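Accompanying notes for the structure given below.
The values are calculated or read from the model by the stated rules, or taken from the named source; none is laboratory data. Keep in mind that this is a model prediction, so the values were computed, not measured. We place every Cβ from the backbone using ideal geometry, glycine too, and count neighbours over all the protein chains shown.
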């Protein structure tokens, strides 16, 4: 089982946490995961604050400050950004990191943030936009010559897209969801290399995974993004991870929700010990 850690790219110690990622790599984690919001709102608090290191630029920084660890976004809110530009930025990060990007994707939920980014016209159609954007990204990453696309939101032809990602035929899609609603499961069945839900129990995850596999007609790998309290013991962390491993999870992205940088690093050390025991 792959065990990754969610690194807070928001909040009062975000810069310290990102600067410590080389140390987290040395602890033995398999991957680092960031979260995607761009601006803060009072209604987000206390879950999220006002300070955000933008996800793609931070991922590019991590490509240069780490060596072998996987670099994930859990999840990129696809409608926040132009699909071709996003594909270009991710391809560049994949090339510069040596092919280490894992792309979590989702539709987003924060209406106010769509307005702040000038993307309010996409809010009600964000699911359809996300699906088409994934098609655009795949087309850009796969083409050796001209790229053309004709859809509801994108239309272009004779585009040359280089460099392509190192990972072929494309950067892996980790399709996120906050539950087991039909639309995200359909998206996972169609596009996902991994289904990457947030906060499900092992039993909920098992049922959702079976539904996706049935729709897809193939085996879609399952992962989980979940929270462990920052004061949990190594044994408690090991039990938590073991429950998801038994449910069929190939990966867990663990968020300790630590209040301070010192708490975060202490929890990371215990999580690394638990991870070594469950692999």
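Miscellaneous remarks
- Filtered by the rule that a residue be at negative phi and out of contact with any helix residue (DSSP H, G or I) (no Cβ under 9 Å at 6 or more places or on another chain), the range 184-205 gives 193, 198, 203, 204.
- Selection from the range 82-101 of residues that are in contact (Cβ under 8 Å) with a residue 12 or more places away in the chain, surrounded by fewer than 21 Cβ atoms within 10 Å (Cβ to Cβ) and more than 21 Å from residue 64 (Cβ to Cβ): 84
- If the condition is being in contact with a helix residue (DSSP H, G or I) (Cβ under 8 Å, 6 or more places away or on another chain) and either within 12 Å of residue 72 (Cβ to Cβ) or in a loop (DSSP other than H, G, I, E, B) (or both), then the range 31-49 contributes 32, 34, 35, 36, 37, 38, 39, 41.
- Close pairs from the range 181-199: first surrounded by fewer than 23 Cβ atoms within 10 Å (Cβ to Cβ), partner assigned to a helix (DSSP H, G or I), Cβ under 7 Å, at least 6 apart: 183/127; 186/215; 189/212; 189/215; 189/216; 191/134
- Residues (closer than 18 Å to residue 192 by Cβ and touching a strand residue (DSSP E or B) at 6+ places or on another chain (Cβ under 6 Å)) located in the range 116-145: 136, 139
- Members of the range 67-89 that are farther than 13 Å from residue 136 by Cα and touching a strand residue (DSSP E or B) at 6+ places or on another chain (Cβ under 7 Å): 69, 70, 71, 72, 73, 74, 75, 76, 77
- Residues of the range 204-219 that turn out to be in a loop (DSSP other than H, G, I, E, B) and surrounded by 19 or more Cβ atoms within 10 Å (Cβ to Cβ), as a count: 0
- Test: residue in the range 237-253 that is more than 21 Å from residue 105 (Cα to Cα), without any contact (Cβ under 8 Å) to a residue 24 or more places away in the chain and surrounded by fewer than 18 Cβ atoms within 10 Å (Cβ to Cβ): yes
- Scan of the range 59-73 for residues that are buried (at least 21 other Cβ atoms within 10 Å of the Cβ) and either part of a helix (DSSP H, G or I) or out of contact with any helix residue (DSSP H, G or I) (no Cβ under 8 Å at 6 or more places or on another chain) (or both), ordered by number: 59, 62, 72
- Residues satisfying the stated conditions in the range 183-203, i.e. more than 18 Å from residue 107 (Cα to Cα), under 20 Å from the mean Cα position of the chain (by Cα) and part of a helix (DSSP H, G or I): 202
- Filtered residues of the range 26-36 (kept if surrounded by fewer than 19 Cβ atoms within 10 Å (Cβ to Cβ) and on the phi < 0 side of the Ramachandran plot): 26, 27
- Just one residue in the set 43, 78, 105 is in contact (Cβ under 8 Å) with a residue 60 or more places away in the chain and crowded, with 19+ Cβ neighbours inside 10 Å; that residue is 105.
- For the range 1-16, taking the residues that are in a strand (DSSP E or B) and out of contact with any helix residue (DSSP H, G or I) (no Cβ under 8 Å at 6 or more places or on another chain), the one that is surrounded by the most Cβ atoms within 10 Å (Cβ to Cβ) is identified as 4.
- Lone unmet requirement of (1) touching a helix residue (DSSP H, G or I) at 6+ places or on another chain (Cβ under 9 Å); (2) under 21 Å from residue 103 (Cβ atoms); (3) modelled with pLDDT under 95 for residue 208: (3)
- Considering each residue of the range 224-235 in turn, none proves to be in contact with a strand residue (DSSP E or B) (Cβ under 8 Å, 6 or more places away or on another chain) and either over 29 Å from residue 16 (Cα atoms) or assigned to a helix (DSSP H, G or I) (or both).
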